[in-house]
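Below: one structure, written as structure tokens.
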Amino acid sequence: MAIRRVGVVGCGLMGGGIAQTCAQSGYETIVLEVNQQFLDKGMTRIYSAWDTMASKGKLSQGQVDENRARLHGALDLADLGDCDLVIEAVLENMEEKLRLFPKLDGMLKADALILSNTSSLSVTQMGAITKRPDKVCGLHFFNPAPVMKLVEIVQTISTSQATIETVRQFALSLGKTPVLAKDTAGFIVNFLLIPYLLAAIRMLENGMATKEDIDTAMKLGCGYPMGPFTLLDYVGLDTTMWAAEAIYEEYKDPLYAPPPLLRRMVVSGMFGKKSGKGFYDYQ
């Protein structure tokens, strides 16, 4: 199947980054938001990124103009009707996704693919409430989506091999390196990453070291580009907690149980960089 027009549901940090990546890779791209304020904020972020790239010589002004012409904002789900492939990047909450998937299924053309950017939730469950489970899979981007090279393609027990191959070719066309994962909680990266991040929080909770020293130790001792607390703030503490809960729900392994400190910070609205405050202050 030839992919020409791409839809993205959600224009937040992840959705906006995915829409930016698709548009600058040559795809006619429609990005949907729930209201004009959120859409304007997301589009402004994308335009600013392209202007910055142009100022650094990474894009010509002509390329910026072409990218802008390929990217369209929308507030009505029906505007995605002609898309060949739609990527949902809404809140990492199964109820939200289960509300969205039947609506997409009902208004998209029969051969269109529906992809989820979920980092840990069951793609099988999302596909099961559609009439096209063979055309549903995960395509998990990493933040920031325009920069990070990896994408996880998540195959459910119902996803067809033709869908997987189409999505693989699509990912390559975006300049990404795809890896294939089965639809198990956490997929590849989060299954391994989440216990490490939660262990760092438990160390801090138990007074074993300061967050600054833990970050420094993991950067200089293990060669990681950033320490766990900087990474947690970048990923989002709320996103990390949801991912941990999803994996814990499937495996009941205490390694994946969110520590009390993480829960308290999320309840307090301390989500990390996106909220201005997490383990570090960004205000």
> So, in segment 82-106, of the ones that are over 19 Å from residue 137 (Cβ atoms) and modelled with pLDDT under 95, which residue ends up surrounded by the fewest Cβ atoms within 10 Å (Cβ to Cβ)?
Replying inline: 95
>> Can you report the number of residues in segment 33-65 which are closer than 17 Å to residue 17 by Cβ, basic (Lys, Arg) and exposed (fewer than 13 other Cβ atoms within 10 Å of the Cβ)?
In response: 1
> What do you reckon, is residue 139 in contact (Cβ under 8 Å) with a residue 24 or more places away in the chain and farther than 22 Å from residue 121 by Cα?
Replying inline: no
> Of (1) within 17 Å of the chain's Cα centre (by Cα); (2) at pLDDT 95 or above; (3) under 29 Å from residue 131 (Cα atoms); (4) not hydrophobic (A, V, I, L, M, F, W, C), residue 5 satisfies all except one. Which?
Replying inline: (1)
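Based on what the data block shows, is residue 14 within 30 Å of residue 182 (Cβ to Cβ) and surrounded by fewer than 17 Cβ atoms within 10 Å (Cβ to Cβ)?
When the stated conditions are applied, residue 14 does not pass them.
So, in segment 215-249, how many residues would count as being on the phi > 0 side of the Ramachandran plot and at pLDDT below 95?
Residues that pass the stated criteria total 1.
The values are calculated or read from the model by the stated rules, or taken from the named source; none is laboratory data. The model shown is predicted, which means the values in this text are computed figures rather than measured ones. Backbone-built Cβ (ideal geometry, glycine too); neighbour counts: all protein chains shown.
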